[in-house]
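For reference, the structure is listed below as structure tokens.
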Amino acid sequence: MSDEPKKPFYITTAIAYTSGKPHIGNLYEIVLADAIARFMRFSGYDVYFQTGTDEHGQKIQDKAEAAGMAPQTFVDMISGEIRRNWDVMNISYDRFIRTTDPGHMAKIQKIFKRYYEQGDIYKGMYEGWYCKPDESFYTESQLIDGKCPDCGRPVEYAKEEAYFFKLSKYAKRLEEYIESHPDFIQPESRKNEMLNNFIRPGLKDLCVSRTSFNWGIPVDFDPGHVVYVWIDALANYITFPGYNPDGDDEPSFKKYWPADLHLVGKDIIRFHTIYWPIMLMALDLPLPKKVFGHPWLLVGGGKMSKSKGNVIYADDLVHSFGLDAIRYYCLKEMPFAQDGNLTYDLIIDRVNGELVNILGNLVNRTMAMTNQYFDGVIPAKCIDEAMDSDLINEASTIFDRVSEKMADLRISDSMQLILDLFRRANKYVDETQPWVLAKDPDKRERLGGVLYNLLEVIRISACLIRCYLPDTGDKMLKMLSCSDDSMESCLSFGLLVSGTKLGASEKLFERIDPVKQMVAVEEYLANKPKSAAEAANVIAAAPATEETNENPPDEGSYITVDDFGKVELKVGKILSAEKHPDADKLLILKVDTGEKIRTIVSGIAKYYKPEEITGRTVTVVANLKPAKLRGILSEGMILMAEHDGKLSFVASSDDIPAGGSVR
């Protein structure tokens, strides 16, 4: 190994918005980034892999209030759930960041002030159409059929004082940069879209502060304004590695910036290739080397949404099919620039047809024959040039060929090369027929050579496949009693040590019976326990939308009777109800729970008028920690049932008096 310092490689994902639990479509990006990060480490780079959560904004404040929770409590819960899902998928991130981190928030305030002082932002009045799920403003002409041009959801008219960033000031410079750096935006189609649809027609100044809500980073020199999502979220790529707005950046920032790769969904590439580069130009910082807008992983040919009922979650898939099977499917089935498709049938086909029949079959039969014919000891090399050269050449060059595909971010193609090597090795078994060689004592040396070649193919493949399927690669190397996973171990054929005792054999993938598996999946989904995130969703009474990052049910953990006993549910009687003066979605309720009259703030104004619910019997979570919602202290939570966007109270008979216990 060279004594020279490793070359740094900085890779990021878009940070996940903490409005709900991520589904498998969201998780495709993090698995993709993980495979790239692992491959670069394997290739000898000093990798810094950053991901995390975006935790400010109006949508989060509304969801928290509707759930009867303080925004910080809400994002703590959702961020924890997102990180748990990243860990379920075996993601090797180096840092998981949160935009509510005090150090990040302080840096954002300084960055915002610098922009203002150098004339890049100015105060004005915004008046136009606002898409809350996308947190984006649009003019009338930009709407499509009166709806958001990006997500197709309804927009609302908004008018408020705001600060604006002068994008037009840097537009020409950005256009020249993109044209002179052809690899900056990938794939090519995304670059053309940014240039022709947004930059060349003329950039409009960007709204970068809000006054209509307060869940954000305060503008310290202008109370009432909070920094809007773009500066807050996008700047995480520099604040956490160690950028200092006052100067004297940390060594880690000097080492890793500019980022080598921003990996983002194609739906947010505009923010990363227009807004973000201009913000960096205004800070006199170099731009990231590449922004890759990956395609979507669709379900049954359609984009996932709660209202369509086609949302699939990663932990559910892992429970039903296994971790590496799902990682394999996500990475292998996604084309370079076109959307991929996910169905249970396709997962089963790939597991049986590729992981079991090709990969698993080669490993199983090679281990079995080595155990049978050589007592589990790696035999000596014996090369037959005429018979073995093709296999050896393919194995010897696999790293270089995979590296070429990975350099172009063609991850599926790189995995196909490894799968092709397994296919070639299986064909080699049929060509050499070890079971026939074993019958002839004079062919024992040749038999050993054949099995050595097969074991060496498995070793080389295992070193590479660990980048995509870490657990599978580890198991393969363990079976070979080999732990060397350095790049050098893949560059030469013949590094396995003859005479080494193999480890215990292990079946890598089980064949799936489609009928039995689907019954098991349906039973699991029907009976899986609900998580805290799901409970918050139901109580919040948030209607289903077309967005793809809502927080529907999650597997979570079982609770015991003792756990349930900690929740104090009481019958309550609504004595009065009125609209919250500062929040259209909230009602302020006075509820008699027997021992006291409680004030409860509930996000049900969209569904019920105050006069409709006065006198209603309801169920109240009586021992919930009080929380201030838009300035009103809420002393409990009303249980609601939600179905198809409709709400109803979870209530007992009116014969039960206020204060009665619910068990």
Exercise. Ile60: more than 24 Å from Gly242 (Cα to Cα), modelled with pLDDT of 90 or more and in contact with a Lys or Arg (Cβ under 8 Å, 6 or more places away or on another chain), yes or no?
Worked result: no
Problem set entry | Test for Gly128: is it closer than 21 Å to Tyr170 by Cβ and either surrounded by fewer than 20 Cβ atoms within 10 Å (Cβ to Cβ) or free of Cβ contacts under 8 Å to residues at least 12 places away in the same chain (or both) | no
Exercise. Of a type in the set (D, E, K, R) and either modelled with pLDDT of 95 or more or touching a strand residue (DSSP E or B) at 6+ places or on another chain (Cβ under 8 Å) (or both), is that true of Lys507?
Worked result: no
Problem set entry | Exclusive hit being out of contact with any Phe, Trp or Tyr (no Cβ under 6 Å at 6 or more places or on another chain), touching a residue at least 60 places away in the same chain (Cβ under 8 Å) and either basic (Lys, Arg) or surrounded by fewer than 21 Cβ atoms within 10 Å (Cβ to Cβ) (or both), set Ser412, Ser483 | Ser412
For this session: Run Gln118 past the list (1) surrounded by fewer than 21 Cβ atoms within 10 Å (Cβ to Cβ); (2) among the polar types (S, T, N, Q); (3) at pLDDT below 95 and report the number of the one that doesn't hold.
Result: (3)
For this session: Looking only at the stretch 390-426, count how many residues are of a type in the set (D, E, K, R) and more than 29 Å from Asp183 (Cβ to Cβ).
Result: 4
Exercise. Given (1) among the basic types (Lys, Arg); (2) touching a residue at least 12 places away in the same chain (Cβ under 8 Å); (3) more than 16 Å from Ser43 (Cβ to Cβ), where does Lys405 come up short, assuming only one miss?
Worked result: (3)
Problem set entry | Residue within the stretch 130-137 that is in the same structural domain as Phe198 (by TED's automatic domain parsing), assigned to a strand (DSSP E or B) and touching a Ser or Thr at 6+ places or on another chain (Cβ under 8 Å) present | yes
Exercise. Which residues, counting only those in the stretch 140-180, are free of Cβ contacts under 8 Å to residues at least 12 places away in the same chain and assigned to a loop (DSSP other than H, G, I, E, B)?
Worked result: Asp145, Gly146, Pro149
Problem set entry | Top-ranked residue of the stretch 37-77 - restricted to ones that are surrounded by 22 or more Cβ atoms within 10 Å (Cβ to Cβ) and among the β-branched types (Val, Ile, Thr), ranked as farthest from Gly631 (Cα to Cα) | Val47
Exercise. Quick one: would you say Asn364 is on the phi < 0 side of the Ramachandran plot and assigned to a helix (DSSP H, G or I)?
Worked result: yes
Problem set entry | Flag if Ala425 is part of a helix (DSSP H, G or I), surrounded by 16 or more Cβ atoms within 10 Å (Cβ to Cβ), at pLDDT 95 or above and within 36 Å of the chain's Cα centre (by Cα) | yes
Exercise. Can you name every residue in the stretch 1-21 that is surrounded by 23 or more Cβ atoms within 10 Å (Cβ to Cβ) and of a type outside the set (Val, Ile, Thr)?
Worked result: Tyr10, Ala14, Ala16, Tyr17, Ser19, Gly20, Lys21
Problem set entry | Selection from the stretch 393-415 of residues that are of a type outside the set (A, V, I, L, M), out of contact with any helix residue (DSSP H, G or I) (no Cβ under 7 Å at 6 or more places or on another chain) and over 16 Å from Ile460 (Cβ atoms) | Glu404, Asp408, Arg410
Exercise. With Ser92, Ser19 as the choices, which residue is modelled with pLDDT of 95 or more and in the same structural domain as Lys254 (by TED's automatic domain parsing)?
Worked result: Ser92
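Results for (1) under 28 Å from Ala504 (Cβ atoms); (2) without any contact (Cβ under 8 Å) to a residue 24 or more places away in the chain, shown as yes or no for each residue.
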| position | (1), (2) |
| --- | --- |
| Asp345 | no, no |
| Asp375 | yes, yes |
| Lys381 | yes, no |
| Asp384 | no, no |
Problem set entry | Number of the exception - Lys191 against (1) modelled with pLDDT of 95 or more; (2) of a type in the set (Lys, Arg); (3) crowded, with 21+ Cβ neighbours inside 10 Å | (1)
Problem set entry | Among the residues listed as Asp246, Asp260, Asp183, Asp205, the single one being modelled with pLDDT of 95 or more, touching a Lys or Arg at 6+ places or on another chain (Cβ under 9 Å), farther than 30 Å from Pro581 by Cβ and surrounded by fewer than 21 Cβ atoms within 10 Å (Cβ to Cβ) | Asp260
Exercise. In the stretch 15-67, how many are under 27 Å from Lys290 (Cβ atoms) and in a helix (DSSP H, G or I)?
Worked result: 19
For this session: Go through (1) out of contact with any Lys or Arg (no Cβ under 7 Å at 6 or more places or on another chain); (2) of a type in the set (Val, Ile, Thr); (3) under 19 Å from Phe213 (Cβ atoms) and name the single condition Thr53 misses.
Result: (1)
For this session: Taking the residues in the stretch 202-230 that are in contact with a strand residue (DSSP E or B) (Cβ under 8 Å, 6 or more places away or on another chain) and aliphatic (A, V, I, L, M) as candidates, determine which candidate is farthest from Asp120 (Cα to Cα).
Result: Ile217
Problem set entry | Residue count for the stretch 239-294, restricted to those that are among the small types (Gly, Ala, Ser) and either assigned to a loop (DSSP other than H, G, I, E, B) or touching a Leu at 6+ places or on another chain (Cβ under 6 Å) (or both) | 3
Seminar exercise, completed: From the option list Met369, Met387, Met406, single residue qualifying as over 24 Å from Asp324 (Cα atoms) and at pLDDT 95 or above is Met369
Problem set entry | Matching option when the condition is hydrophobic (A, V, I, L, M, F, W, C) and farther than 28 Å from Leu409 by Cα, among Ala259, Ala235, Ala282 | Ala282
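The values are calculated or read from the model by the stated rules, or taken from the named source; none is laboratory data. None of the values given here were measured: they were computed from a predicted structure. Positions of Cβ are generated from backbone atoms using ideal geometry, with glycine treated the same way; all protein chains shown enter the neighbour counts.
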